[in-house]
1. Select from the range 30-45 the residues that are without any contact (Cβ under 8 Å) to a residue 40 or more places away in the chain and open to solvent by 40 Å² or more (accessible area, probe 1.4 Å) and write down the one among them that is farthest from D68 (Cα to Cα).
2. Any idea which of (1) assigned to a helix (DSSP H, G or I); (2) open to solvent by less than 30 Å² (accessible area, probe 1.4 Å); (3) within 28 Å of G127 (Cβ to Cβ); (4) modelled with pLDDT of 95 or more is the one E16 doesn't satisfy?
3. Filter the range 101-123 down to the residues that are of a type in the set (D, E, K, R) and surrounded by 15 or more Cβ atoms within 10 Å (Cβ to Cβ), then identify the one that is farthest from K148 (Cα to Cα).
4. When you scan the range 40-58, do you find a residue that is assigned to a strand (DSSP E or B), over 10 Å from the mean Cα position of the chain (by Cα) and of a type in the set (F, W, Y), even just one?
5. Quick check on the range 84-99: of everything there that is touching a residue at least 40 places away in the same chain (Cβ under 8 Å) and in a loop (DSSP other than H, G, I, E, B), which residue is surrounded by the most Cβ atoms within 10 Å (Cβ to Cβ)?
6. Looking only at the range 59-79, filter to residues that are in a loop (DSSP other than H, G, I, E, B) and small (G, A, S); which one of those is surrounded by the most Cβ atoms within 10 Å (Cβ to Cβ)?
7. Looking at the structure I just gave you, is V9 within 18 Å of A146 (Cβ to Cβ), within 17 Å of the chain's Cα centre (by Cα) and open to solvent by less than 50 Å² (accessible area, probe 1.4 Å)?
8. If the requirement is being farther than 25 Å from E152 by Cβ and either at pLDDT 95 or above or not aromatic (F, W, Y) (or both), which of these qualifies: G56, G69?
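The values are calculated or read from the model by the stated rules, or taken from the named source; none is laboratory data. Note that this is a predicted model, so its numbers are computed, not measured. Neighbour counts run over all protein chains shown; Cβ positions are idealised from the backbone, glycine included. With ligands, DNA and RNA removed, areas are computed over all heavy atoms of the protein, side chains included. Shrake-Rupley method; radii C 1.70, N 1.55, O 1.52, S 1.80 Å.
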Amino acid sequence: MEDHQDQKVVPAWLVEFHGHLCPFLVVGWRMGQEALSRLGAERERDQGLFLFTELGGEALRPQSCYEDGLQSATGCTAGKGTLRRFDFGKVAAVLAQPGGIAVRVALRPEVCDELAQADYAAERRQGKPASAVSQAATLDAVARVASKSADELFLFEKFSTVHFSPVAARPARARCANCGEYVFEQDAVTKDGILLCRPCAGHPSAV
């Protein structure tokens, strides 16, 4: 797909990063932009804003693409530790200033229904990966998102006070007594008086 087509709805670099153009990538991009606008904030370069997504991370859903759009629009990313994921099963997110204000943005149910009835969704249900969906179906679904106003797309809720304090990272580290790899002390486990990393201590890990 040509860059000038992508640029009308999302930046070409976002499509390149994500791997394909799709309606929920656009949903996430617009959701993030609207959240920033309603907070009066700019794209976060450091750790002044936190993003809480509500879809969950276990199931592979086409809607999950909205998270890449959200991260790219807001600057709140997994790598910076400013992304949190809740398993609520909703295409929604909260953008928050710790100790300040927050805004929740949710995709309207009628938009979810419309996208589920589009040819794009029909092709996905046939088992096609997003990158293999026909260009006509992709552009049609993307246009359904891009052509709507913010209020036609989303439900908004603003919170005046956010009771959230990020956990401060401590730089101290130690070597696991079993595998010998370094682990940050605040993430280590002491078992029978021995400092271990979580895998060696038998603690389940979450991705």
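1. G40
2. All conditions are met except number (2).
3. Ranking the candidates gives E123 first.
4. Yes, some residue in the range 40-58 is assigned to a strand (DSSP E or B), over 10 Å from the mean Cα position of the chain (by Cα) and of a type in the set (F, W, Y).
5. Here the residue is V91.
6. Kept after step one, since they are in a loop (DSSP other than H, G, I, E, B), are these residues of the range 59-79: 59-61, 75-79.
Keeping just the survivors that are small (G, A, S) gives 59, 75, 78-79.
Values: A59: 10, G75: 20, A78: 12, G79: 7.
Only one residue tops the list, namely G75.
7. So V9 fails the test.
8. G56
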